[in-house]
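Asks: There's a structure below that I have some questions on.
The values are calculated or read from the model by the stated rules, or taken from the named source; none is laboratory data. Predicted model, so just to flag it, every value in this text is computed and none were measured. Don't worry about glycine lacking a Cβ; one is built from the backbone with ideal geometry, like all the others, and counts go over all protein chains shown. Protein only, heavy atoms only, side chains kept; ligands, DNA and RNA dropped before computing areas. Shrake-Rupley method; radii C 1.70, N 1.55, O 1.52, S 1.80 Å.
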Amino acid sequence: MRKRIYEIVERADTNDRPSQIYDVFMIIVIFLSLVPLAFKRDTPFLTVVDKTAVMIFIVDYILRWITADYRLNCFSPIAFIRYPFTFMAIIDLLSILPSLTVVNDAFKVLRVVRMLRAMRVLRIFKGLRYSKNLLIISEVMRKSKKSLASVAFLAFGYILISALVIYNLYH
């Protein structure tokens, strides 16, 4: 049973229909979970969208955790201890935590809520595991990071200079 759950929650095989459906469903949930971030105020509808998405992300996280031994190819209890420290598990956790009311109430005292709410944007990185195209793009980015860093530096410089020119023209 756990092996089948692992096969479904991992990236879809071309012949595995339930896994493909799960992947498409999760991509839709990821993008819907970003909708509330586009609005300054919370409405009841946006709150329901956010809470529903978080509940789905929690179930996904738990399913991945209980099948960690298959994912890490380590069939011992150590796999379940190591899994929460993997890169994607950390991304999953960081995308869930900011929306939990208990966490938000605890951090209101520390005035960190705005930063935590902004971390909900990390949900987009959850999509990396569901799309083969995004995996290809991430592989290309990893292989050519020096070239991309140069282009990013030039783009940042261009944006900075343009912003300064516009700011000085209209201020």
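Asks: Of the conditions (1) surrounded by 17 or more Cβ atoms within 10 Å (Cβ to Cβ); (2) in contact (Cβ under 8 Å) with a residue 12 or more places away in the chain, A79 satisfies every one except a single condition; which number is it?
Replies: (2)
Asks: If L94 meets every condition in (1) closer than 22 Å to S138 by Cα; (2) free of Cβ contacts under 8 Å to residues at least 40 places away in the same chain; (3) more than 14 Å from the chain's Cα centre (by Cα) apart from one, which number is that one?
Replies: Going through the list (1) closer than 22 Å to S138 by Cα; (2) free of Cβ contacts under 8 Å to residues at least 40 places away in the same chain; (3) more than 14 Å from the chain's Cα centre (by Cα), L94 breaks only (3).
Asks: Further, regarding this structure: Spot the failing condition for V140; the list is (1) modelled with pLDDT of 80 or more; (2) of a type outside the set (F, W, Y); (3) open to solvent by 90 Å² or more (accessible area, probe 1.4 Å), and only one is missed.
Replies: Failing condition for V140: (3).
Asks: For R111, which of the numbered conditions (1) on the phi > 0 side of the Ramachandran plot; (2) at pLDDT 80 or above; (3) not hydrophobic (A, V, I, L, M, F, W, C) fails to hold?
Replies: Of (1) on the phi > 0 side of the Ramachandran plot; (2) at pLDDT 80 or above; (3) not hydrophobic (A, V, I, L, M, F, W, C), only one is false for R111: (2).
Asks: Which of the residues spanning region 54-76 are open to solvent by 90 Å² or more (accessible area, probe 1.4 Å), of a type in the set (A, V, I, L, M, F, W, C) and either in contact with a strand residue (DSSP E or B) (Cβ under 7 Å, 6 or more places away or on another chain) or closer than 16 Å to K3 by Cβ (or both)?
Replies: Once the filter is applied, which keeps residues that are open to solvent by 90 Å² or more (accessible area, probe 1.4 Å), of a type in the set (A, V, I, L, M, F, W, C) and either in contact with a strand residue (DSSP E or B) (Cβ under 7 Å, 6 or more places away or on another chain) or closer than 16 Å to K3 by Cβ (or both), region 54-76 yields W65, F75.
Asks: For region 7-53, which residues satisfy the criterion of being open to solvent by less than 50 Å² (accessible area, probe 1.4 Å) and part of a loop (DSSP other than H, G, I, E, B)?
Replies: Correct list: E10, A12, D16.
Asks: Return only the number of the condition from (1) at negative phi; (2) open to solvent by 100 Å² or more (accessible area, probe 1.4 Å); (3) at pLDDT below 75 that R120 does not satisfy.
Replies: Only one criterion is unmet by R120, namely (2).
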